[in-house]
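J.: Quick one: this structure, given as structure tokens, is what I'll be asking you about.
The values are calculated or read from the model by the stated rules, or taken from the named source; none is laboratory data. Everything numeric here is computed off the predicted structure, so don't read it as measured data. Here the Cβ is made from the backbone with ideal geometry for all residues, glycine too, and neighbour counts use every protein chain on show. Side chains are part of the model used for accessible areas, which takes the heavy atoms of the whole protein and leaves out ligands, DNA and RNA. Shrake-Rupley method; radii C 1.70, N 1.55, O 1.52, S 1.80 Å.
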Amino acid sequence: MEAVWNHVAGLENPADIISRGMIQVQLQYESLWFNGPHWLKLDEHNWPSAHQIDEEDFDPLDLEAKSMATALAVVTPSDIFSLRSSYTHLVRLTAWLHRFRYNSQPANRDNRRCGPLTTLELEDALHALVKFSQQESFSLELADLTNGREVRESSKISSLHPELKDGILCVGGRLRHASIATRRKHPYILDHHHPFTYMVVVHYHRKMLHGGQQLPTNARNLVRKVHECVPCFRVKPKIQDQLMADLPPERVTPCPPFQRVGVDYCGPFQVSYPYRLSRPVKIFVAVYVCLVTKAVHLELASDLSAQGFIATLKRFSSRRGKPEIIMCDNGRNFVGARRQLDELRRLFNNQQFQASVVRSSAEDQIQFWFIPARSPNFGGLWESAVKSFNLLLKRTIGVHTLLYDEMQTILTQVEAVLNSRPLTPLSNDPDDYEALTPGHFLIQRPLTAIARTGGI
């Protein structure tokens, strides 16, 4: 039997009451909900006239495809950057739109994507956003490269020798055969006036815990603008010029990382324990700095006693190796630690045991060098590390009191950021944007960089 469908207007449709919502007080007086449209009690020829639609008049697959095209046409590449102000939210929104388009195609009906967004989907969404921004900013350059022509010299990116990689404008250069990731050899080119570029800079500014302005060239003005965010402005220090003295031999003589270190305390900070109902307790942070590579190691200290410092030194030595020289302030806690270590060493030497553990412990002597009392300028390296640590920590947690585990987590993140700060360019090639960081001496790359194998 052929089915015939008629249209019921929304004002006369009882189902719209449920779909649009109605409070109980109003529902009890709504006759449409209890009795339906008044014309249902009349003969069929007295019903309101409506256009009849037969099932044979349309193809369900064709209707689904047209609906998908209409839905996707609402968001165009030109206005997608105004939908979200966050880089992460914009990338995820683009990934969801791509998944919707993929799942709506009839060919993919039996192989639809579901579940959380995958890394590949997020990468594709990022590539799409980069393409959209480049189409708006570098349309002439894209046209020239697509047609096999060189970028004209009047272009503002001609000095970058741009190339097309999967339809994306990338920096050229002479690192084609380097065994590093393709994105590091050929970074994407973004216009610093485009809103997407601003989102990217803000995202990594916050991801690097409100770090400094060390980013690629031609974007420093934008980075400087982002660096003036509210948390950074509140803790921005006053810069003073100091006459620098010659570096001591301990700073310029090569050695393995953390063989010669400087140490200082900073704090106090407030932490709480989830299993305690008492008030938050005070803790301190011991900042160990390699005198040669400027690598940083952070350890929590329960107090300012000699025992607390020795505990941090044991944890530091167990993970970084025993240092040869430790330079530190002439504080009471450090003096007490030296005296206790000397007594421990004499105790080991006086023992008659010949076990290898006792012999190695007696031979592991650490030299403590103390700077003059009340002279922090003699320890500028670790004082600078303490300042950088305080800036990153305060910009990140503000006045909040963290749990002990949360404090441990944020310490390791700050340590990774400090060990990823650029020290000097790796080469004299102007097209090489890689910089030497303390992380290169530890794991051969910045600690905040994505781990990739070979040239993938």
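J.: Does the range 122-139 contain at least one residue that is within 30 Å of the chain's Cα centre (by Cα), part of a loop (DSSP other than H, G, I, E, B) and at pLDDT 85 or above?
T.: yes
J.: Select, from Lys282, Lys294, Lys314, the only residue that is open to solvent by 80 Å² or more (accessible area, probe 1.4 Å), free of Cβ contacts under 8 Å to residues at least 40 places away in the same chain and within 30 Å of Ile443 (Cβ to Cβ).
T.: Just a single option satisfies the conditions, and that option is Lys314.
J.: Also, quick follow-up: Checking Ser356 against (1) at pLDDT below 70; (2) in contact with a Lys or Arg (Cβ under 7 Å, 6 or more places away or on another chain), which single condition isn't satisfied?
T.: Looking at each condition in turn, Ser356 falls short on (2).
J.: What residue, of Thr76, Thr70, is part of a helix (DSSP H, G or I), at pLDDT below 80 and loosely packed, with under 10 Cβ neighbours inside 10 Å?
T.: The match here is Thr70.
J.: Cβ-Cβ below 9 Å, separation at least six or inter-chain, first residue in the range 4-28 and among the charged types (D, E, K, R), second at pLDDT below 75 and open to solvent by less than 90 Å² (accessible area, probe 1.4 Å): which pairs?
T.: Asp16/Gly10; Arg20/Gly10
J.: Further question on the same structure: Within the group Arg445, Arg452, which residue is of a type in the set (Lys, Arg), more than 15 Å from the chain's Cα centre (by Cα), at pLDDT below 85 and closer than 28 Å to Val261 by Cα?
T.: Every option except Arg445 fails the conditions.
J.: Show the residue pairs meeting these rules: Cβ distance below 6 Å; 6+ apart or different chains; first residue within the range 408-424 and within 23 Å of Phe284 (Cβ to Cβ); second residue modelled with pLDDT of 90 or more and crowded, with 17+ Cβ neighbours inside 10 Å.
T.: Leu411/Leu298; Glu415/Val296; Glu415/Leu298; Leu418/Val296; Asn419/Ala295; Asn419/Val296
J.: What strands (runs of 3 or more DSSP E) completely inside the range 253-330 contain at least 2 residues that are at pLDDT 85 or above?
T.: Counting at least 2 such residues, we get 260-272, 281-290, 296-301.
J.: OK, next. Just a yes or no: is a residue in the range 92-114 closer than 15 Å to Tyr188 by Cβ, surrounded by 14 or more Cβ atoms within 10 Å (Cβ to Cβ) and of a type in the set (Val, Ile, Thr)?
T.: Within the range 92-114 (the criterion being closer than 15 Å to Tyr188 by Cβ, surrounded by 14 or more Cβ atoms within 10 Å (Cβ to Cβ) and of a type in the set (Val, Ile, Thr)), the answer is no, since none of the residues qualifies.
J.: Taking Gln214 as meeting all but one of (1) surrounded by fewer than 14 Cβ atoms within 10 Å (Cβ to Cβ); (2) at pLDDT 70 or above; (3) in contact with a Pro (Cβ under 7 Å, 6 or more places away or on another chain), write down the number of the exception.
T.: That leaves (2) as the condition not met.
J.: Picking from Leu129, Leu140, which residue would you name as being over 23 Å from Thr94 (Cβ atoms) and in contact with a Ser or Thr (Cβ under 8 Å, 6 or more places away or on another chain)?
T.: Testing whether each residue is over 23 Å from Thr94 (Cβ atoms) and in contact with a Ser or Thr (Cβ under 8 Å, 6 or more places away or on another chain) leaves just Leu140.
J.: Mind listing whichever residues of the range 262-278 are more than 21 Å from Lys394 (Cβ to Cβ) and open to solvent by 60 Å² or more (accessible area, probe 1.4 Å)?
T.: Listed by number, the residues that qualify are Pro274, Tyr275, Arg276, Leu277, Ser278.
J.: Which one of these does Leu169 not meet: (1) in contact with a Leu (Cβ under 8 Å, 6 or more places away or on another chain); (2) modelled with pLDDT of 85 or more; (3) open to solvent by 70 Å² or more (accessible area, probe 1.4 Å)?
T.: That leaves (3) as the condition not met.
J.: Ok, one more. Under 6 Å between Cβ atoms, at least 6 apart or on separate chains: pull out the pairs that start in the range 107-129 with a residue that is more than 22 Å from Phe196 (Cβ to Cβ) and end on any residue that is assigned to a helix (DSSP H, G or I) and among the basic types (Lys, Arg).
T.: Hits for this filter: Arg113/Arg99.
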